1. Cβ-Cβ below 8 Å, separation at least six or inter-chain, first residue in the stretch 10-29 and among the hydrophobic types (A, V, I, L, M, F, W, C), second surrounded by 15 or more Cβ atoms within 10 Å (Cβ to Cβ) and assigned to a loop (DSSP other than H, G, I, E, B): which pairs?
2. Here is a check on your reading of the model: is Ile127 in a loop (DSSP other than H, G, I, E, B) and either in contact with a Leu (Cβ under 7 Å, 6 or more places away or on another chain) or among the aliphatic types (A, V, I, L, M) (or both)?
3. Going by what's in this entry, would Tyr88 be described as of a type outside the set (D, E, K, R), part of a helix (DSSP H, G or I) and touching a helix residue (DSSP H, G or I) at 6+ places or on another chain (Cβ under 9 Å)?
4. Hey, can you tell me all the residues within the stretch 86-125 that are over 12 Å from the mean Cα position of the chain (by Cα) and either closer than 15 Å to Val76 by Cα or hydroxyl-bearing (Ser, Thr, Tyr) (or both)?
5. Please work out if Val76 is in contact with a Pro (Cβ under 8 Å, 6 or more places away or on another chain) and either acidic (Asp, Glu) or more than 16 Å from Gly128 (Cβ to Cβ) (or both).
6. Among the residues of the stretch 30-60, write down those that are among the charged types (D, E, K, R) and touching a residue at least 40 places away in the same chain (Cβ under 8 Å).
7. Scan the stretch 92-105 residue by residue and report those that are surrounded by fewer than 16 Cβ atoms within 10 Å (Cβ to Cβ) and either in contact with a strand residue (DSSP E or B) (Cβ under 8 Å, 6 or more places away or on another chain) or not β-branched (Val, Ile, Thr) (or both).
8. When you look at Ala84, is it in contact (Cβ under 8 Å) with a residue 24 or more places away in the chain, under 20 Å from Leu36 (Cβ atoms) and touching a Leu at 6+ places or on another chain (Cβ under 7 Å), yes or no?
Amino acid sequence: MAGDAERELLDLTRALLEAITRGDWDAYAACCDESLSAFEPEARGQRVDGLAFHRFYFERVPADPTAHVTLASPHVRMLGDDAAIVSYVRLVQRVVDGAPHTAAFEETRVWRRTRGAWKHVHFHRSIGG
């Protein structure tokens, strides 16, 4: 059922983003395939493969417990029964120097069902503004 899979993928995507926001490496890694590939601003135009690049940030950048994340305009595109693309705008609200600030990131995440479980296998994230 596409509807159930779509809800599950949105829930998994929200859980992934919560893990990022909280700085919870174990929860993040549990969502991801070990061969995760990505294009993101921190990689300076290069595709990065594997989890080591991402782990660096989890280990060195403190989580912001005041941050609040919203998925705006989420869209799930099923590619058969075992693959899907989830796209959305991630809005991150924070207080910076005593004033509210919202950053927006356009994100596309690719999920693949392997051995009955969805794993995050690729993403592309824009520079936040």
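1. Ala29/Leu51
2. On the way: in a loop (DSSP other than H, G, I, E, B): yes; either in contact with a Leu (Cβ under 7 Å, 6 or more places away or on another chain) or among the aliphatic types (A, V, I, L, M) (or both): yes.
Taking the combined requirement at face value, the residue satisfies it.
3. Values: of a type outside the set (D, E, K, R): yes; part of a helix (DSSP H, G or I): no; touching a helix residue (DSSP H, G or I) at 6+ places or on another chain (Cβ under 9 Å): yes.
When the stated conditions are applied, Tyr88 does not pass them.
4. Thr102, Arg112, Arg113, Thr114, Trp118
5. Numbers: in contact with a Pro (Cβ under 8 Å, 6 or more places away or on another chain): no; either acidic (Asp, Glu) or more than 16 Å from Gly128 (Cβ to Cβ) (or both): yes.
So Val76 does not fit the description; no.
6. Filtering the stretch 30-60 down to residues among the charged types (D, E, K, R) leaves 33-34, 40, 42, 44, 47, 49, 55, 59-60.
Within the stretch 30-60, Asp33, Glu40 qualify.
7. Residues of the stretch 92-105 surrounded by fewer than 16 Cβ atoms within 10 Å (Cβ to Cβ): 93-104.
Matches in the stretch 92-105: Gln93, Arg94, Val95, Asp97, Gly98, Ala99, Pro100, His101, Thr102, Ala103, Ala104.
8. Working: in contact (Cβ under 8 Å) with a residue 24 or more places away in the chain: yes; under 20 Å from Leu36 (Cβ atoms): yes; touching a Leu at 6+ places or on another chain (Cβ under 7 Å): yes.
The answer is yes for Ala84.
The values are calculated or read from the model by the stated rules, or taken from the named source; none is laboratory data. If you're wondering where the values come from, they're calculated on a predicted model, not measured in any experiment. Every residue, glycine among them, receives a Cβ derived from its backbone with ideal geometry; neighbour counts consider all protein chains shown.
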